[in-house]
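Just below is one structure, and these are the notes that go with it.
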Amino acid sequence: DIAGSLIFWMMIIVLLYVFNVVTCQIRYSIPEEMKKGSLIGNVAQDLGLDLKRLRSGRARIVTGENIQYTELKTDKGILVVNERIDREQLCGDITPCSFSFEIILENPMELHHVTIEVLDVNDHPPVFKKSDIVLEISESANLGAKFVLDSAEDPDVGVNALQNYVLTSNDNFVLKQHVNPDGSKYAEMVLQKQLDREDVPHLSLKLIAVDGGTPQRSGTVNIDITVLDANDNAPVFNQSVYKATVIENAARGTNIVTVNATDADSGSNGYITYSISNVKSNIADLLSIDEESGVLSVSGPIDFEKDKKYELRIDAKDQGGLTDSSKVVIEVIDVNDNAPVISVMSFTSPVSEDSPLGTTVGIINVKDLDSSDNGQVTCRIEHNAPFKVKSNLRNYYTLITDSVLDRETISEYNITVVATDRGTPPLSTRRTFNLKVSDVNDNAPVFSQTEYSKTVPENNSPGFSVFTVSASDADCGQNARISYFLEEKDINGAQLSSLVSVNSENGVIHAVRSFDYEQMKSFEFNITARDAGSPPLSSVATVKIIVQDQNDNPPQVLYPVQTGGSMVAEMVPRSADVGYLVTKVVAVDVDSGQNAWLSYKLQKATDRALFEVGLQNGEIRTIRQVTDKDAVKQRLTVIVEDNGQPSRSATVVVNVAVADSFPEVLSEFTDFPHDKEYNDNLTFYLVLALAVVSFLFITCLVVIISVKIYRWRQSRVLYQSNLPVIPYYPPRYSDTLGTGTLQHVYNYEVCRTTDSRKSDVKYMPPMSESLVSVDGAETDTLQVDRQIPSFPKDEIHLEIAESVAVGTRFSLESADDPRCGNK
């Protein structure tokens, strides 16, 4: 009708608006009993769909029934019969008979409703439940007496159903046909001529039931009539219609209603029995009547979902064969005995963790066969999962996301949908869906530390494994595969890649070359951890490499300066007291820490009882009073050791002149061992020259040239040394008490001549000090210079970074020298 069509199209519009689903409805009509594979219709053509769309959209049939009568051929776009369709089994006597299902396509989702109407064919003849009808009729039966006959059943409908009854010709009875409220037909025999038992004690008739199909089918039952002696009163019911109710699922034996009929006759003619007549076979199995008491009771399972109302006829029959009938109408009261049924229309798994709110995960259909409130269903999600169900169309629900998904927190969900009806008590059904969450690259790698620090001993071998950095990524798969990279930078003029390298897969940092603490004490760089996602994410950690000093440098003696061409002696007057400061050995070690802690020891001495060396400050002092017996020439060998493991050392020879006057010193120092050695060699050369004059000449020439080159190179090395001009005294070794004779900073100037055997040493001491320079040549000279060069300032302050490279030069202020008249 118009109202039903309007409601249907409104529901379709709501579906399109809410679910964004394209939908159509088609209807086909087919006869029952078609062979499997028979064509029903061209779905693709009727829906206006392309065959490629059917395949790409994974078109499929969704039905809530156990038997799938149809099959969709997606390669041809046609709908064919999949199972035998029996209209009588499918719908019974309901007309028109049809079944429906949905065709669902994905990407985008389309929902098409298909209705198949099954047309009846005349495949069943009318059938009587009994092969014979036995009647006992009194001869005194009144004209017009009615005798209800058993009805025939024909499962077919429409024109194929039972249409007419035909009674074989006779003189006593005519046939009248009636229609029940449910549309079924039954027949009565009406007595039109008085029976005479003496003439005709027994009659045999045939009742034929005919349908209207083509070809026409029929069923026959024999009517055997026995004429009894006179019984002129038939039973009469006290009600023509009885109405009653019965609860669904009532127990067997439950009384429904009691019918009552009376007979005016007495004796056996007044004894009445009750029976159910003209009832369908399914009702006969559910209800029974006590033939004596007329109590109608339950004899089988009462199911509201199958039959909501029962209508039947009760016959009352006396012993003379007279009957009366009454109608009984029974209403079935529904109880909540059916739980909701959840059917899955569509479900998508996995779903991306960056899916927006409201993303549709699945579509479900929920049905409850009960009626009224017992059939009203509500759906919900258990366990506070980040999903919810939403319904905008009867019986259809969408499962959508209700909050942001995070695979790193929960990688999969077991979503339990609970469907509950409103009955008393309510019944519910649970169905669990396993939904996996797919990963996206939304987490950057994270280092176990933001800053790393590692100490590496210097002089390490190239390729040395320094340590390992580690980063983790909460993502999975390619998104969690981490690679490590160095951020290139310049460190002290060198590229970072020339110092260290990193294994891109495991984060192991290797030293590319050997580190030198004296050149570089530490350096920092950044290392990047980058995942393999798209787009890739990264994080940065700072790595600090601290180079640990090793004792790889021996001490270097700054004073006294050791030269091979002249001998420098410190003069000590014989009147010197105990503790007199003779001189101070100054040495430095370019190492650091305890490797640079220096100690001084007196290794050899001409007279050990006269001098001692300060263990920490290197000061050479007298330990007793100088006497006249002490030798003028004293030779001290001082060894300087650092505190490293193993320790390194350097030695220096200090010449000391114990005298009060310079002539005494000069006379004592002119006889040196190397002069004696020189004279011995000269004698040897003279003797040898007598034998080979020419060989001696060449040998002397070579020796002289070699010695001059050696002296020249030594002087060049002295002037080009990178060592500081001003000695460095460690604070812990400085003389803080102000005792002794070396309380100030001294400058030493060595002036060498081109002659390897002649040199002048100029020493600028305070007025209380003297310096002796002795030349070991043929003509020895003694020079004493008491004029003191002076600086414009008493102190020179320098601030030098600890990481400054070796070889860096620093300009110092010049001193005024009155001897030269210049700076």
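The values are calculated or read from the model by the stated rules, or taken from the named source; none is laboratory data. For clarity, every value in this text was computed on a predicted model and none was experimentally measured. Glycine also receives a Cβ, built like all others from the backbone with ideal geometry; neighbour counts cover every protein chain displayed. Accessible surface areas use protein heavy atoms only, side chains included; no ligands, DNA or RNA. Shrake-Rupley method; radii C 1.70, N 1.55, O 1.52, S 1.80 Å.
Numbers for the structure displayed
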item	result
Strands (runs of 3 or more DSSP E) wholly inside the range 309-381 containing at least 2 residues that are in contact with a Ser or Thr (Cβ under 8 Å, 6 or more places away or on another chain) and closer than 30 Å to ASN269 by Cβ	309-317, 323-333
Residue match in the range 451-474 (condition: part of a strand (DSSP E or B), more than 27 Å from VAL512 (Cβ to Cβ) and open to solvent by 80 Å² or more (accessible area, probe 1.4 Å))	no
Any hit, the range 257-277, residues being over 30 Å from VAL227 (Cα atoms), in contact (Cβ under 8 Å) with a residue 12 or more places away in the chain and either outside the structural domain of ASP182 (by the TED database) or buried (at least 20 other Cβ atoms within 10 Å of the Cβ) (or both)	yes
Tabulated pairs, the range 279-308, first touching a residue at least 12 places away in the same chain (Cβ under 8 Å) and farther than 18 Å from GLN89 by Cβ, second part of a loop (DSSP other than H, G, I, E, B) and basic (Lys, Arg), C-beta under 7 angstrom, 6+ apart or interchain	VAL298/ARG252; SER299/ARG252
Tally, over the range 237-254, of residues that are of a type in the set (Ser, Thr, Tyr), open to solvent by 80 Å² or more (accessible area, probe 1.4 Å) and outside any loop (DSSP other than H, G, I, E, B)	1
Selection within the range 498-516 - more than 18 Å from PHE447 (Cα to Cα), touching a residue at least 24 places away in the same chain (Cβ under 8 Å) and open to solvent by 30 Å² or more (accessible area, probe 1.4 Å)	HIS510, VAL512, ARG513, SER514, ASP516
Any hit, the range 442-454, residues being over 23 Å from the mean Cα position of the chain (by Cα), of a type in the set (S, T, N, Q) and at pLDDT 90 or above	yes
Output for the range 475-495, where each listed residue is over 16 Å from SER514 (Cβ atoms), in contact with a strand residue (DSSP E or B) (Cβ under 9 Å, 6 or more places away or on another chain) and either among the acidic types (Asp, Glu) or open to solvent by less than 20 Å² (accessible area, probe 1.4 Å) (or both)	ASP475, TYR484, GLU487, GLU488
SER501 vs. criteria of a type outside the set (Phe, Trp, Tyr), farther than 26 Å from ALA474 by Cβ and part of a strand (DSSP E or B)	yes
Single condition GLU412 does not satisfy, out of (1) open to solvent by less than 40 Å² (accessible area, probe 1.4 Å); (2) under 32 Å from the mean Cα position of the chain (by Cα)	(1)
Test: residue in the range 511-524 that is part of a strand (DSSP E or B) and among the acidic types (Asp, Glu)	yes
Some residue of the range 565-575 being under 30 Å from TYR452 (Cβ atoms) and either open to solvent by 30 Å² or more (accessible area, probe 1.4 Å) or in contact with a strand residue (DSSP E or B) (Cβ under 7 Å, 6 or more places away or on another chain) (or both)	no
Residue satisfying condition, being without any contact (Cβ under 8 Å) to a residue 24 or more places away in the chain, under 30 Å from SER346 (Cβ atoms) and in the same structural domain as THR378 (by the TED database), within set THR409, THR416, THR420, THR429	THR409
Neighbours by Cβ (under 7 Å, 6+ apart or cross-chain): first from the range 193-216, under 18 Å from SER169 (Cβ atoms); second modelled with pLDDT of 85 or more and among the charged types (D, E, K, R)	LYS193/ASP171; SER204/ASP224
Meets criteria (farther than 15 Å from VAL257 by Cα, in a helix (DSSP H, G or I), hydrophobic (A, V, I, L, M, F, W, C) and open to solvent by less than 30 Å² (accessible area, probe 1.4 Å)) for ILE302	no
Candidate set: the range 25-40, residues that are small (Gly, Ala, Ser) and over 11 Å from LYS73 (Cα atoms); chosen: the one most open to solvent (accessible area, probe 1.4 Å)	SER29
Failed condition for VAL361, given (1) open to solvent by less than 30 Å² (accessible area, probe 1.4 Å); (2) modelled with pLDDT of 90 or more; (3) in contact with a Lys or Arg (Cβ under 9 Å, 6 or more places away or on another chain)	(3)
Count of residues meeting criterion [within 30 Å of SER514 (Cα to Cα) and open to solvent by less than 30 Å² (accessible area, probe 1.4 Å)] in the range 433-450	1
Verdict on PRO536 being open to solvent by 50 Å² or more (accessible area, probe 1.4 Å), closer than 19 Å to VAL446 by Cβ and either touching a residue at least 24 places away in the same chain (Cβ under 8 Å) or not in a strand (DSSP E or B) (or both)	yes
Some residue of the range 587-598 being more than 30 Å from ASP516 (Cα to Cα) and surrounded by 15 or more Cβ atoms within 10 Å (Cβ to Cβ)	no
Selection status of ASP337, touching a residue at least 60 places away in the same chain (Cβ under 8 Å), within 30 Å of GLY57 (Cβ to Cβ) and open to solvent by 40 Å² or more (accessible area, probe 1.4 Å)	no
Those residues of the range 455-472 which are touching a strand residue (DSSP E or B) at 6+ places or on another chain (Cβ under 9 Å), of a type outside the set (Val, Ile, Thr) and at pLDDT below 90, in sequence order	PRO457, GLU458, ASN460, SER461, PRO462, GLY463, PHE464, SER465, PHE467
Total residues in the range 644-661, condition more than 19 Å from TYR600 (Cβ to Cβ), part of a strand (DSSP E or B) and open to solvent by 60 Å² or more (accessible area, probe 1.4 Å)	0
